[in-house]
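**Q** The structure under discussion is supplied below as structure tokens; questions concerning it will follow.
The values are calculated or read from the model by the stated rules, or taken from the named source; none is laboratory data. These numbers come from a predicted model, not from an experiment. Here the Cβ positions follow ideal geometry from the backbone for every residue, glycine too, while neighbour counts run over all protein chains shown. When the accessible area is computed, the model is the full protein with side chains, heavy atoms only, and any ligands, DNA or RNA have been set aside. Shrake-Rupley method; radii C 1.70, N 1.55, O 1.52, S 1.80 Å.
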Amino acid sequence: MAGNRAVAAHLSVQLSAESDLIDEHTSWGNLAEDDLGRALLARAVRGEHQFVQAVLSELGWRNRDDVSLELTQAASNEQLVAIAGSESGRRLLDRMYDELTEGSLGDDEQTQADRILRVKSQGVDPAQAQQQMLGGKIFPFRSSGITVLDDAPVMAERRERGQIWVKQPTRVLGTSMFREETSTLPTDVFIGGVLLPENEVVGVKFYDLGGEVVYRPALFLIQVANQNDTQTLTKIAEIAGIGLTLGTGALVGLGVEASMAARVLLWADRAAFVLGTIATVINEHRGEIIERFGDSGRQFLRYVDIVQSATAMYGFARLAISMGQIINGFRTSYVNWRAAVRSLESELDDGERVVVQEITQQTEEVLENADNVGNAPRQLPAGEPATIPPERQLGPGQPPTARERLDAARAARAEQARQTEIQEGIARVDRELAAGTHRRRISQEDLDWLNASPRHKEIAYDPDIGTYRVSEARQAIAAEESGVLSGPVARSTAPGTDIMDGAGVAWSVKGTGPSSTVDSTAGLIAGEALAGRPCLGDLRGMSMRDQAGVRTLVTEQLGARPHAEIRFMPPGVERIRAQ
């Protein structure tokens, strides 16, 4: 009997440890949330993450967010990073993020929630994040209201191992307004919901904020689900000017010479500050930019959103050093937008010219600083000799061989011939269209798209048939924008191919039409690959079931025979590598 009492007493102490800690920081019924937050931080830093979770569970719901706020405010960035270094620590951060973003959201709570997201972002490989921002999932979000007929709410919950369960109502899938975003999502999102891994980066398009897209780790969906009023959503979408600031030690770890680290930080801070200014201007004129400049304006805005998100997650320095595809896409979209601006220069009013000039100056400053960061001298990897041996030096000591000079000259002549053929063809077709003598009818919608940017015509003109193929050009640009093909894409003049990617690879493009079937589409794609031509299969006009059916049938038709690479749109359909 005495032994049982001893065991019971022991269990009583263990079971009340959380309550005892809370009682220690409670006086006359008032909880000292700041003191308890600091005490829990000390426990969390020591690795007692489950105990901290248990204390939060023991607290009343009115106190959990306040104690989470005090804990995170007391924590340094280094301490948060250390907590995120273990599975249990990340689950604690997830819990506190949920607590901070539930209910009424204050500025201080948003600041600490952002800190947690940035720390969580460091666990996502930049190369993976880059691909997911360029071609991953985007969830539409539109608040409900008396005057809102087509809303798009998000439901999200934390699950085991850091996974995020997310679901949207079936009606969202059937709403044409959201089709661009829902095409990036698996159908299960609208049926029973899907589980996302904690390190997946997703986008959320905020229709209430003019269509801005914010990219963050999947945990971000918890906050979107927790909040539903426009004022709070504005806080969610706001991105700090500089984002996560890297110290000089972190820059050296990325390969920047120690002597250049301070200068790189200065360039990065300038770029991030200007990015914040660009975002403010663009968000005030987002609808006008899309209406006036069409696809080129829409694509430029898309890359501004991506660059903003990447900066908030990783800091501008790491973006410029490790995420070159995003920077290159940003630059290309800006060049195309500027071409559209020049083509409409005479139609712009004074107010529009001021906005364009401001965005132009700021974007060029961001790109200049990105080049400065990206081109900063790098230190040699560990183990490399301080002096580069002669056989590895580039410069006068290693002139190109005669064969290399001949190949370079041939490539230059071929490119010049390609450009000449395309430009002469464009000029001829445009003359015929103006005179009404062109043999092929082109709709006004397609003409407007062609005239929106010189690049559209350069990609659309097909020398094989001597006219524009607008749908093919749209497919090529969509493949570039989604990251399926590296940019900038261009028209290919190689026999049997249609598009050339940024790496110089020529691709045949095969799409679908009203009479297309799974069998016919698979046969076309497989035939191109078996003929040795890399093929881009655009399956976006098909259901997800048919997309999967096409890929399966193509694989069966290829069998073990040699074939070229096949890539698909949407990017969720897995590519088939060359064999």
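**Q** Magnitude of the Cβ-charge dipole of the stretch 112-181, K/R +1 and D/E -1, about the Cα centre, nearest 20 debye?
**A** Working: 11 positive and 8 negative charges, 46 e Å.
My answer is approximately 220 debye.
**Q** Where the accessible area of the stretch 405-563 is counted over protein heavy atoms with a 1.4 Å probe, how much of it, in %, is carbon and sulfur?
**A** Of the solvent-accessible surface of the stretch 405-563, carbon and sulfur hold 52 percent.
**Q** Pick out, from 86, 173, 155, the residue whose Cα sits farthest towards the positive end of the charge dipole of the stretch 45-178, with +1 on the Cβ of Lys and Arg and -1 on the Cβ of Asp and Glu.
**A** 173
**Q** What number comes out for accessible area per residue over the stretch 125-213 if the probe is 1.4 Å? Units Å², please.
**A** Ligands and nucleic acids excluded, the figure is 44 Å² per residue.
**Q** Let me ask you something else. Do any of 167/510; 167/205; 205/457; 205/510 go past 22 Å between their Cα atoms, and which?
**A** Listed pairs above 22 Å: 167/510; 205/457; 205/510.
**Q** Right, another one. Using θ = phi - 60° and the Karplus form 6.51 cos²θ - 1.76 cosθ + 1.60, what ³J(HN,Hα) does each residue of the stretch 318-334 get, whole Hz, x for Gly and Pro?
**A** Karplus values, whole Hz, x for Gly and Pro: 5, 4, 5, 8, 10, 10, x, 5, 5, 4, 5, x, 4, 5, 4, 5, 5.
**Q** Quick one: which residues, 5+ away or cross-chain, put their amide H under 5 Å from the amide H of residue 461? H built at 1.01 Å from N.
**A** Under 5 Å from the amide H of residue 461 lie the amide H atoms of 469, each far enough along the sequence or on another chain.
**Q** Could you pull out every residue, at least 5 positions away or on a different chain, whose amide H is within less than 5 Å of the one on residue 563? Hs are placed 1.01 Å off N in the peptide plane, and Pro or chain starts have none.
**A** 579
**Q** Over the heavy atoms of residue 507, what accessible area does a 1.4 Å probe trace out, to the nearest 10 Å²?
**A** That residue has around 0 Å² of solvent-accessible surface.
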